[in-house]
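Asks: Quick one: the structure is below, questions incoming.
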Amino acid sequence: MRPLFITSIFFTALFLITGSSVERLRPADRKATRETVNLFRALYRLQQRGVMYGHQDDLMYGYTWWYEKGRSDTRDFTGDYPAVAGFELGHLELGDERSIDSVLFDHIAEQIKEHYRRGGVITISWHAKNPLTIQDPASASRRQGGTAWDVSSKEVVSSILPGGRNHELFNTWLERLASFFMKLKDDDGTPIPFIFRPYHEHSGSFFWWGTGLCSDEEYSALWRYTVSFLRDKKKIHNILYAYNTDRVTSLEQYMKGYPGDDVIDMLSLDMYDRGPQFGPELDNALGFVTSEAARRKKLSALSETGPRRGMTDWWSSVLMPVLTKYNVSYVLTWRHPYSRRFATSIKGPFPEDFLNFFKWQKSLFLSDIKDENIYGKKKR
């Protein structure tokens, strides 16, 4: 029997997000497809029940293998797929065939469709190139020249907003993004719903859209323009949009640059364990993020996290005690980069302690959510 979580009970009682009240919730996009509305509501229900596990690029490659259909490091280790599959679209904006992680975009589209067929959740990130410095030949000589991590200019965001010198280039990039999104359809031609998390970790200063590299107003305008382009101009209505920051210590810091409830469906947070204070820091951050998400009737997620190097019991001793307290839609760990050298050196794709998380009553993997029919698909 699943234990009762006091925080979850309090949340449910306070916000009355049960039964018929969930059915009144809607995504920010008032023209969202039926399947997208169903996904939004299902994620709301599921985060009352537990926390889904997600893994970036889990279906594309692992430490010791490269694109084998049906394979997954999570499944290899636990016998089950992650409930949430993460995908990355960096370099799509350039018109390339392969992503920033060298994965064919055709293969990404295939696996998005496959995970949708399985009844899983899809989330997409976008480490877009720097649209200003990529055009500068001198940037090629710098280690991060022209990449998403190129923070050599504070004029990047202003240059791509309407009236900026790179606005038309940015429109071309968004056209390519939209073209890919519009190809994501099931066998009946129904658009596949997914979570889109662009311009992530903006409270940090390590991406060209980060704090100190653009104003809060510019960041908000970038978000709003992107959503308007995809939703209003391209008529794409199968996206749930996730707002995201890196580690923060207050709600005020978290909400700096927030683009508005009319374009956001999820409040998410990325925090990696970098020291002994991680547990209390995560506890504090998830406290105000989940509370604010509930107040605004948005979803919440720990959209990226990972253990401290050398810890063998991180899942059970650090992460699980914090997640127990909060209603979080999912927790996602980052990719397992493929390398030939791992074929002989790695003992397994996850530490043994990950099995404690897998067996935890609050963790949800694909088999735990399959019966939820999260997209409201009609049975054949």
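Asks: How much mean residue ellipticity at 222 nm does the chain get from its helices, if each DSSP H run of length 4 or more adds -39500 (n - 2.57) and you divide by all residues, to the nearest 500 deg cm²/dmol?
Replies: -9000 deg cm²/dmol
Asks: If you bin the C-alpha pair distances of the stretch 165-224 every 5 Å from 0, what whole percents do you get?
Replies: With a bin width of 5 Å, the distribution comes to 4, 15, 18, 20, 18, 12, 8, 4, 2, 0.
Asks: Return one quarter of the surface area of the convex hull spanned by the alpha-carbon atoms of the stretch 288-328, equal to its mean projected area, in nm².
Replies: For the Cα atoms of the stretch 288-328, the hull's average projected area reads 3.1 nm².
Asks: A further question follows. How do 88-95, 167-174, 372-379, 41-48 rank on mean C-beta neighbours within 10 Å, highest first?
Replies: Ranked from most to least packed, the peptides come out as 41-48, 88-95, 167-174, 372-379.
Asks: Tell me the volume per residue, in Å³, of the convex hull enclosing the alpha carbons of the stretch 268-349.
Replies: Measuring per residue, one finds 96 Å³ for the Cα hull of the stretch 268-349.
Asks: Still on this structure, I have one more. Plugging the Kirkwood radius over Cα pairs into Stokes-Einstein for the stretch 21-73, at a temperature of 37 °C and a viscosity of 0.692 mPa s, what D comes out in µm²/s?
Replies: Answer, rounded: 241 µm²/s.
Asks: OK, next. Can you tell me which of 225-232, 356-363 comes out highest on packing, and rank the rest after it, using the mean Cβ neighbours within 10 Å?
Replies: So the order, starting with the most tightly packed, is 225-232, 356-363.
Asks: Once all Cα-Cα distances of the stretch 221-293 are split into 10 Å bins that start at 0, what whole-number percent is in each one?
Replies: Going from the shortest bin to the longest, the percentages are 18, 44, 25, 12, 2.
Asks: Let me ask you something else. Distances longer than 20 Å among the Cα atoms of the stretch 134-283: what percent of all pairs is that?
Replies: Result: 56 percent of Cα pairs exceed 20 Å.
Asks: Calculate I(q)/I(0) for the stretch 95-203 by the Debye formula, one identical point scatterer on each C-alpha and no solvent, and give its log10 at q = 0.11, 0.19 Å⁻¹ to two decimals.
Replies: Calculated log10 I(q)/I(0) at the listed q: -0.44, -1.08.
Asks: Next up: Please list 122-133, 265-276 highest first by mean number of surrounding beta-carbon atoms within 10 Å per residue.
Replies: 122-133, 265-276
Asks: Give me the Kirkwood hydrodynamic radius of the stretch 218-261, using the inverse of the mean 1/r over all pairs of distinct Cα atoms, in Å to one decimal.
Replies: Taking every pair of different Cα atoms in the stretch 218-261, averaging 1/r and inverting gives 11.7 Å.
Asks: I've got another one for you. Radius of gyration and Dmax for the stretch 39-98's Cα atoms, expressed in Å?
Replies: My reading of the Cα-based Rg and Dmax gives 14.4, 41 Å.
Asks: Turning to a different aspect of this structure: Just to check I understand the Karplus step: with θ = phi - 60° and J = 6.51 cos²θ - 1.76 cosθ + 1.60, what whole-Hz values come out for the stretch 87-98, glycine and proline as x?
Replies: 9, 10, 10, x, 5, 4, 4, 8, x, 6, 7, 10
Asks: Assuming a viscosity of 1.306 mPa s and a temperature of 10 °C, what translational diffusion coefficient in µm² per second does Stokes-Einstein assign to the stretch 182-269, Rh being the Kirkwood radius over Cα pairs?
Replies: The calculation lands on 114 µm²/s.
Asks: In terms of modelled amide H atoms, which long-range or inter-chain residues lie less than 5 Å from the amide H of residue 148?
Replies: 130
Asks: While we're looking at this one, here's another question. So what is the diffusion coefficient of the stretch 136-181 in µm² per second by Stokes-Einstein at 37 °C and 0.692 mPa s, using a Kirkwood Rh over Cα pairs?
Replies: 277
Asks: While we're looking at this one, here's another question. Long-range amide H contacts for residue 240: which residues qualify at under 5 Å (H placed 1.01 Å from N, peptide plane, sequence gap of 5 or more or a different chain)?
Replies: Under 5 Å from the amide H of residue 240: 194, 195, 196.
Asks: When only alpha-carbon atoms are used, what values of Rg and Dmax, in angstrom, describe the chain?
Replies: Cα only, the chain: 19.9, 62 Å (Rg, Dmax).
Asks: Using the reciprocal of the averaged 1/r over all distinct C-alpha pairs, how large is the Kirkwood radius of the stretch 47-165 in Å?
Replies: Roughly 16.3 Å, rounded to one decimal.
Every number in this text was worked out from the coordinates using simple rules, so none of it is lab data. The structure displayed is predicted, hence computed values, not measured ones. Please note: Cβ atoms are built from the backbone with ideal geometry, for glycine as well, and neighbour counts cover all protein chains shown.
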